[in-house]
Amino acid sequence: MTIAPEATPTIVLVGHGMVGQRFLEALAERGLTATHRVVVLCEEPRPAYDRVQLTSYFSGRTPEDLSVTDPRFIEDHGIELRVGDPAESVDREAREVTARSGLVVGYDVLVLATGSYPFVPPVPGKDAEGCFVYRTIEDLLAIEEYAKNATTGAVVGGGLLGLEAAGALDGLGLTSHIVEFAPRLMPVQVDEGGGAALLRTIEDRGLSVHTGVGTQEIVTGADGSVTGMRLSDGSELATDLVVFSAGVRPRDQLARDCGLTVGERGGIAVDEQCRTVADPRVFAIGECALAADGRVYGLVAPGYEQAQTAAAAIAADGTDEADRLTFTGADLSTKLKLLGVDVASFGDAHGTTDGCLDVVYSDSRAGLYKKLVVGGDGTLLGGILVGDAEAYGTLRAFTGSVPPVPPESLVLPAGAGAPAQLGPSALPDEAVVCSCHNVTKGTVRGAVTEHGCTTVPEVKKCTKAGTGCGSCVKVLGQLVTAELEAGGVEVDRGLCGCFAQTREELYEIVHALRVTSHRELLDRYGREGARGGDGCEVCKPTVGSVIASLAPVIGASGYVLDGEQAALQDTNDHFLANLQRNGSYSVVPRIPGGEIAPEKLIVIGEIARDFGLYTKITGGQRIDMFGARVEQLPVIWARLVDAGFESGHAYGKSLRTVKSCVGQTWCRYGVQDSVRMAIDLELRYRGLRSPHKLKSAVSGCARECAEARSKDFGVIATASGWNLYVGGNGGATPRHADLLAQDLSDAELVRLVDRFLMFYIRTADRLERTSAWLERIPGGLDHVRDVVVHDSLGICDELEAQMRAHVSHYRDEWAETIEDPEKLARFVSFVNAPDTPDPVVGFVPERDQMKPDLPLLNIGMRPVQPEEAALEGSAQR
Amino acid sequence: MTLALETTGLKVRIRLADGTWFGVCDPGALLPGRGVAALLPDGRQVAVFTDRAGRLYAVDNRDPFTGAAVLSRGLTGTHRGRPFVASPLLKQRFDLETGRCLDDDTVRLRTYEAEAG
């Protein structure tokens with residue numbers, strides 16, 4: 001007997017962009033993926049990715065990083081996702097969609113999320129080689145490829161996307177122009193004052209802005225590729241590459257072809273439930289839809305709302321459910337960082353409400369412009385922020401209500417008479433904190449109080465807040481902390497069982513009160529039961545490191561084996577070498593920048609041969625010698641120091657190496673002397689004790705052979721200087737470093753690295769690499785940039801002074817140690833038999849060298865007392 | 001291998017299995033919070049520590065988890081009022097008075113009486 005399968009109703013989604021993906025998630029949340037077959041036809045060769053963050057590709061995010069699609073989600077919900085297979089036609093009568101591959105899918109519900117396409121003005125030459133649009137990852141890859149043979153680029157359009165594109169060209173090292181037909185940049189979002197502040201900052205970055213002119217023709221050379229463009233004022237602009245970014249248009253051709261109603265200026269007409277007015281079985285969401293209020297929304301937040309509305313309507317179909325969502329229009333609030341400038345606008349930004357008033361703070365010198373639009377009764381109606389959008393999250397949430405402080409205090413910069421800061425705790429519960437996902441403060445609070453979330457990542461997962469544009473994450477952090485504190489939840493952030501303070505707090509205590517010993521710190525500031533004790537293996541090295549970092553400033557000895565300091569160090573620091581599994585040590589002399597003369601190579605070879613050491617080239621471009629017994633270390637180092645080597649600090653939580661490629665000196669592609677810069681940096685920061693190890697690299701051109709972007713601070717040469725990247729990491733959790741600043745001179749680079757490292761040392765947790773630190777600290781990269789580039793905390797002079805003190809107090813630990821007989825006395829295997837080697841340390845040959853004799857380690861091992869083993873019958877280990 | 005153990009004029013002493021005391025070093029060789037290793041007449045190794053109150057502790061120097069003779073190079077501390085040493089290799093902690101591993105109940109170090117005299 002065969003049972004005919006019951007026909008499963010089918011939902012076909014055309015388009016898999018951010019809104020399409022949100023729609024799928026909304027289907028899953030409503031259980032519809034379980035009851036329906038869901039087929040997705042996606043034109044692009046990859047699943048949905050974060051188009052809003054497209055430009056971040058140029059600051060190191062890979063296409064994979066940009067993805068917003070979890071493959072497990074697609075799989076778990078049985079969604080049939082067909083990438084690279086767009087819908088070609090729709091037969092509404094037969095209820096069938098035909099894809100390019102020839103696949104025909106019948107549907108019960110069809111959802112169009114086809115997005116938009118870039119508008120290219122119909123100027124002669126617009127299709128010439130070297131003309132691009134800026135919409136997809138493929139566009140980006142094409143621009144990147146073409147830019148390799150270009151020196152100048154121009155963007156047509158000075159709106160939001162145009163500035164994004166200009167930022168990308170600038171990032172590719174092109175001399176960049178922006179051509180905007182309107183009299184100011186970002187005409188939709190900002191007013192004249194905001195445009196002026198924006199213009200100044202962008203021009204300061206070396207971009208040329210041409211406003212009030214149109215593009216008349218793209219000029220091409222003999223080979224048909226772009227050589228320039230003719231503008232409406234008669235002038236001509238020489239350029240190798242043109243990016244059209246003059247707005248987008250709804251992609252509604254598929255809808256037109258199957259007879260759905262479209263608006264006069266495009267867009268698939270839908271009702272308040274996002275159902276097309278022509279066919280109740282067809283929905284349209286996102287940028288292709290003409291919403292019930294007669295507008296096409298080009299932002300992601302309204303698109304998300306439409307996705308949820310459509311999913312709700314589909315779920316309610318065929319039921320009596322009255323609880324349908326409606327989409328009647330959306331807030332156009334935006335916060336962006338364009339070309340390094342914060343720009344935000346929200347609510348009634350242009351002051352179109354009757355009787356409204358402006359509160360404006362403007363400082364063109366600093367590139368700041370802040371305007372609030374306030375109603376006659378004091379209600380905050382909207383605003384524009386350029387140059388500093390820190391307050392955006394709070395201000396947007398207050399929009400529509402009367403803030404509890406006078407409006408001028410909300411725009412004045414700190415230190416310019418601004419009264420107490422207005423924190424998110426002052427917000428009402430119904431205030432929307434995350435506008436991308438329409439999450440209110442009340443919901444965030446509920447996540448903490450009812451769902452037990454204690455961290456921002458948990459709240460993000462629970463509420464979706466902060467997973468859109470991310471602009472509200474800082475406010476989320478403040479809310480979570482406030483809520484936890486209000487709820488009396490004990491969040492023990494203490495360093496260890498001995499200290500209730502974090503490493504950062506201990507740093508501040510040591511710094512401010514000039515505490516120079518762990519013992520004193522423990523007895524005065526330790527936890528109740530820990531005072532008077534011996535501390536532990538966590539706090540001792542941490543405090544030792546903090547004291548060493550601050551040594552010149554607080555008047556402590558910077559030498560880690562001095563006095564009490566010696567007792568605080570981990571064994572590696574204590575013996576100035578790296579402990580290996582059999583109790584022997586490895587030795588790594590510093591080879592700055594990886595550059596080494598033959599004579600020194602020979603010395604290393606001789607020492608390794610004479611002491612029978614195993615040698616291996618490290619990932620940091622130096623040479624590691626393994627298998628030294630503790631009593632051999634001083635003898636080996638005496639020879640190394642004599643040959644001009646110094647400690648490589650491979651054992652310390654401190655600067656390891658600054659790798660380099662050969663750079664301009666030898667390489668035909670190099671544009672700067674990367675080796676010299678790597679040596680300079682390595683010699684400057686050598687011996688600097690920090691919360692964790694620090695790695696760096698310098699590449700002589702954008703080919704990045706030194707892999708600088710996998711380092712804590714990486715430097716990449718540009719034609720006019722250096723780009724500085726921070727927070728990179730390899731290892732178990734790889735992370736590409738983020739661009740901190742561009743085109744720096746030698747002096748500017750060193751100054752920024754000084755500040756960055758000292759700020760990291762001051763604020764990071766114990767064993768927290770820069771990558772994790774950057775992800776954790778409130779405000780992330782933007783905050784770090786504000787502090788170290790713009791000196792928003794006013795501490796840069798101090799940070800620089802600390803680094804200067806470190807540099808001037810640096811001494812080679814090994815040179816110092818071999819001069820000191822008392823310290824040398826510690827380098828023995830046995831205190832009562834100084835000349836006897838540890839019998840457990842032995843070696844056997846392997847591949848022309850030697851390796852630890854591991855069986856030797858087991859001889860005589862009796863890990864468990866016999867009577868105990870018998871009692872508990874437990875396995876020995 | 002010949003051992004030239006110096007046993008005269010030393011003040012820190014370890015009590016051996018046969019009940020005799022064996023001198024290992026001058027108290028000045030011990031830094032509070034750090035240890036030293038000493039070789040015993042039977043070829044075993046002992047790790048000797050002192051804390052900031054001047055109390056002495058002695059345990060087997062071999063790390064039972066790796067077999068390496070390194071415990072004297074670990075960091076000591078106080079956990080709930082009791083002294084411990086953390087192995088410098090894989091960081092397991094051992095109570096200095098009982099030898100018991102705080103991270104694995106089935107493992108215990110041999111301990112020795114130690115005194116300054």
Cα convex hull of region B:12-116: how many Å³ per residue? 92 Å³
Whole-angstrom gap from region A:31-58 to region B:67-92, using each part's C-alpha centre: 52 Å
A chain fully extended from A:Arg30 to A:Phe119 at 0.36 nm per residue, minus the present Cα-Cα distance, gains in nm 28.4 nm
Packing-based exposure ordering (other Cβ within 10 Å, fewest first) of A:Trp773, A:Trp637: A:Trp773, A:Trp637
For region B:12-116, with only Lys/Arg (+1) and Asp/Glu (-1) charged at the beta-carbon, what is the dipole magnitude about the Cα centre, in debye rounded to 20? 260 debye
Global size of region A:752-870 as Cα Rg and Dmax, reported in angstrom: 24.6, 67
With only alpha-carbon atoms counted, please give the Rg and Dmax of region A:331-422, in Å. 12.3, 37
Rounded to the nearest 10 degrees, what's the angle between the helix A:796-809 long axis and the longest principal axis of chain A, both from Cα atoms, 0 to 90? 30 degrees
Just flag the trypsin sites (Lys or Arg not before Pro) in region A:273-370 sitting in loop per DSSP whose Cβ has no more than 15 other Cβ atoms within 10 Å. A:Arg281, A:Arg295, A:Arg324
Quick one: grab the alpha carbon gyration tensor of region A:424-478, order the square roots of its eigenvalues as a ≥ b ≥ c, and give me rounded if a/c is under 1.5, else prolate or oblate depending on whether a/b is larger than b/c. rounded
For A:Tyr304, A:Tyr361, ascending order of other Cβ atoms within 10 Å (fewest first) is A:Tyr361, A:Tyr304
Can you check what the net charge comes to around A:Arg61, using other residues whose Cβ is under 13 Å from the Cβ of A:Arg61 (Lys, Arg +1; Asp, Glu -1)? -1
For A:Cys434, other-chain or 5+-apart residues with amide H closer than 5 Å (H placed, Pro excluded) are A:Val439
Ranked from highest to lowest mean number of other Cβ atoms within 10 Å per residue, what is the order of the peptides A:425-431, A:165-171, A:774-780? A:165-171, A:774-780, A:425-431
Based only on the alpha carbon positions, what is the Kirkwood hydrodynamic radius of region B:77-117, in angstrom? 10.8 Å
If one compares the long axis through the Cα atoms of helix A:598-611 with the longest principal axis of the Cα atoms of chain A, the angle in degrees, nearest 10, works out at 60 degrees
Spelling it out for A:Cys274: with amide H atoms placed in the peptide plane at 1.01 Å from N, the residues 5 or more places away or on another chain with amide H under 5 Å from its amide H are A:Phe327
What list do you get for A:Cys705, A:Cys498, A:Cys536, A:Cys274 if you sort them by fewest beta carbons within 10 Å? A:Cys705, A:Cys536, A:Cys498, A:Cys274
On alpha carbon coordinates alone, what is the Rg over Rh value for chain A, Rh being the Kirkwood radius? 1.02
Restricting to DSSP H runs of at least four residues, report the calculated mean residue ellipticity at 222 nm for chain A, -39500 (n - 2.57) per run over all residues, nearest 500 deg cm²/dmol. -9000 deg cm²/dmol
Report the charge-dipole magnitude of the protein assembly as shown in Debye, nearest 20, computed about the Cα centre from +1 at each Lys and Arg Cβ and -1 at each Asp and Glu Cβ. 2260 debye
Note, A:Val213: beta-carbon cut-off 12 Å, +1 each Lys/Arg, -1 each Asp/Glu, net -2
Rg to Rh quotient for region A:503-556, alpha carbon positions, Kirkwood Rh: 0.94
Could you compute the net charge surrounding A:Asp754? Neighbours are other residues with a C-beta less than 9 Å from the C-beta of A:Asp754; K and R count +1, D and E count -1. +3
With Kirkwood's inverse mean 1/r over C-alpha pairs for Rh, give me the Rg to Rh ratio of region A:120-246, two decimals please. 0.94
The lysines whose Cα lies under 21 Å from the Cα of A:Lys460, excluding any fewer than 8 residues away in the same chain, are A:Lys335, A:Lys441, A:Lys474
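Values in this text are rule-based calculations from the coordinates and carry no lab data. Because the structure is a prediction, the values reported are computed rather than measured. Virtual Cβ from ideal backbone geometry, glycine too; neighbours counted across all protein chains shown.
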